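What follows is one structure encoded as structure tokens, with my remarks underneath.
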Amino acid sequence: MTAGGVAQVDNVAMMSIRGISKSFGGIRAVNNASFEIDKGTITALIGPNGAGKTTLFNIVAGFLRPDAGQVILNGQDVTGLPPHRLFARGLMRTFQIPAAFERMTLLDNLMVVPAGQSGENVLRSWFLWGRVTSEEVHVRQKAKEVLDFLGLTHVAGEYAGNLSGGQKKLLELGRTMMSDPDIVLLDEPGAGVNPTLMVKLADDIRRLNEERGYTFCIIDHDMDLVAKLCHPIVVMAEGAVLAQGSMEDIRKNQEVLDAYLGGGRSARIPAESAT
Ligand SMILES: Nc1ncnc2c1ncn2[C@@H]1O[C@H](COP(=O)(O)OP(=O)(O)OP(=O)(O)O)[C@@H](O)[C@H]1O
Ligand SMILES: [Mg+2]
């Protein structure tokens, strides 16, 4: 997982989110939010619509700058680093709305992920033809392995635009796998996924966590998925972190229940299953 076989230090926060705030005009989207994502966990980030979850992800992944606060990744302050720099440090994220290249095949969608290939530069590729070829072979091999892991080999040559919503979510997960990340942020992986594919998606996430050591932070409204996969669970409401703990702790927390009942635009009590 970590390059160079460096000894792993356990029980250390892989990521610390410290006092993050972000306003859009008069809207305080994230309000002094702090929590930690421990190495090896599948941490959930839940909360009613508009709680600030996606905004916080965007800050953590370098797509937005916070007004205040810090993001610490593996002990280093990475606040405000652009996405490609965070990518190089092992952080990947997916989007609430999948962003596949519709007119490219699944295989090609995966092959365009890794950064810094010498093939990106036409002149270099002219002079370093042999090297580009071997790199491409390597990337193609990796993409095939990812498709195999996700059970998508049979649609490898299909245009991404022809995939179902659930298959696009799997492709998103596959894109994160191309760089063997340490930590992956998934924004609503379950949204719009049919129940059968949902079981598979959950299983794939668990396998990546258990077999490959990925640390995950997952935003989702599907409480069955969250209960099945995640520990701990962090609850946000109105930009702030309200509570964190096990699903049992969360369900008993009166502030959490109040936030879900009164706060969000489509509030759902965590004990309910959502589709
Ligand atoms: N670019 C933006 N400009 C203005 N307001 C924004 C912007 N992005 C988010 N907001 C506002 O910030 C608040 C938090 O939004 P955010 O998308 O982070 O919530 P969320 O918890 O991800 O909600 P959902 O569960 O619906 O995805 C909302 O009031 C939203 O309208
Ligand atoms: Mg969101």
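Bear in mind that the values in this text are calculations on the coordinates, not laboratory data. In this text the structure is predicted, and so the values were computed from the model without any measurement. FYI the Cβ positions are ideal-geometry reconstructions off the backbone, even for glycines, and counts take in every protein chain you see.
Listing for the model above:
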read-out	value
Derived scalar couplings ³J(HN,Hα) [the stretch 12-19; Karplus, 6.51 cos²θ - 1.76 cosθ + 1.60; whole Hz; x for Gly, Pro]	10, 5, 6, 9, 10, 9, 10, x
Cβ-based net charge around Phe35, under 12 Å, with every Lys or Arg adding one and every Asp or Glu removing one	0
Above-threshold pairs, the threshold being 32 Å between Cα atoms, out of Lys200/Lys252; Lys22/Lys252; Lys22/Lys168; Lys22/Lys142	Lys22/Lys142
Around Lys144: net Lys/Arg minus Asp/Glu count, Cβ-Cβ under 14 Å	-2
Rounded Å value of the spacing that divides the Cα centres of the stretch 21-36 and the stretch 81-100	20
